[in-house]
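Let me begin by presenting the structure, written as structure tokens, before commenting on it.
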Amino acid sequence: MARRRPGGHHEQDDDGGPPGAQTRYEFTAELWRWQARTDEWVFATLPQDASDEIAAVPRPRAGFGAVRVTVTVGGSRWTTSIFPEPSGAPDVEGERRVRYVLPLKKAVRAREGLELGDEARVAVETHH
């Protein structure tokens with residue numbers, strides 16, 4: 001389960017992006033490898049409650065349903081996108097829910113000493 005911390009309006013985001021409201025989700029997730037590719041793509045899955053909240057916010061359509069976020073893992077902070085992945089669990093109306101997945105670059109994993117199967121403490125900030 002994610003701990004949600006609503007943010008207020010900020011003068012400017014740390015990444016130099018436009019001002020706007022933010023919501024911060026903090027959680028621990030196991031790092032896993034995407035099996036569909038031969039190169040090493042490593043992800044962390046956001047908790048279902050955070051994914052549900054993120055999916056419920058209307059946003060401009062982006063490629064693959066991506067949502068721009070700012071991520072903090074250990075001492076590393078960067079801007080990237082999270083991507084929806086069907087969770088298989090239908091909601092109360094019978095529609096398929098999604099869980100968002102966060103790609104973790106090799107450079108970040110190396111800097112933070114993280115390997116496949118490790119649990120990472122992650123903070124994800126959405127930008128509305």
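Each part reduced to its alpha carbon centroid, region 48-62 and region 65-81 end up 15 Å apart. Residues Leu114, Leu46, arranged from fewest to most other Cβ atoms within 10 angstrom of their Cβ, appear as Leu114, Leu46.
Once backbone amide H atoms are built at 1.01 Å from N, Asp118 has Leu31 as its partners under 5 Å, excluding neighbours fewer than 5 places away on the same chain.
When you filter the GluC sites (Glu not before Pro) in region 92-128 for DSSP loop state and at most 16 other Cβ atoms inside 10 Å of their Cβ, you are left with Glu93, Glu95, Glu115.
For Val98, the residues 5 or more places off, or on other chains, whose built amide H falls under 5 Å of its own are Ser87.
Computed 3J(HN,Hα) for region 54-60, one whole-Hz value per residue from the Karplus formula 6.51 cos²θ - 1.76 cosθ + 1.60 where θ = phi - 60°, is 5, 5, 7, 8, x, 9, x, glycine and proline marked x.
Quick note: the coordinates plus some simple rules give every number you see, no bench work behind them. On a predicted model such as this, the values are computed, not experimentally measured, just so you know. Because the Cβ atoms are built from the backbone with ideal geometry, glycine has one as well, and the counts that use them run over all protein chains shown.
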